[in-house]
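No value in this document is a laboratory result; all are computed from the given coordinates. Bear in mind that the values here come from a model prediction, so they are computed numbers and not experimental data. Cβ atoms come from the backbone with ideal geometry, glycine included; neighbour counts cover every protein chain shown.
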Amino acid sequence: MSLYKEEQREICREKANYMCQICAKNGKFNRGNQCAHMIPQKDWIIKKYGSKIIHHHSNLEYVCSTKCNSKAMIPEYEYEDKVEQIKRRINDE
């Protein structure tokens, strides 16, 4: 794993206080164990938007299970708005 990806995952974990963000939205407090991509990290998506966008901490949610991981994904029609949001964050960093 690249240093950039690992740094972004650590930011994701810390931002979530190591708790599952999907469960927290439902009032449950489960410990997370993985970072889920809201825009999936599929090859065609990485080619379209770039690795820096896809692996940015703003595209990650810390989750506790594969069930919560799948719930973290956003619908494809929201990708462009999310990408623009991430680009603004990158420019501000």
query: Given the Cα-Cα distance of residue 29 and residue 43 and 0.36 nm per residue of separation, how much length would full extension add, in nm?
result: 1.8 nm
statement: With a 25 Å threshold on alpha-carbon distance, the violating pairs from 5/47; 42/67; 25/48 are 25/48
- line: Rounded to whole angstroms and listed largest first, the alpha-carbon spread of the chain along its three principal axes comes to 34, 28, 24
- prompt: Under a point spin-label approximation (7 Å from Cα along Cα-to-Cβ), what is the residue 84-residue 70 distance to one decimal in nm?
  reply: 3.1
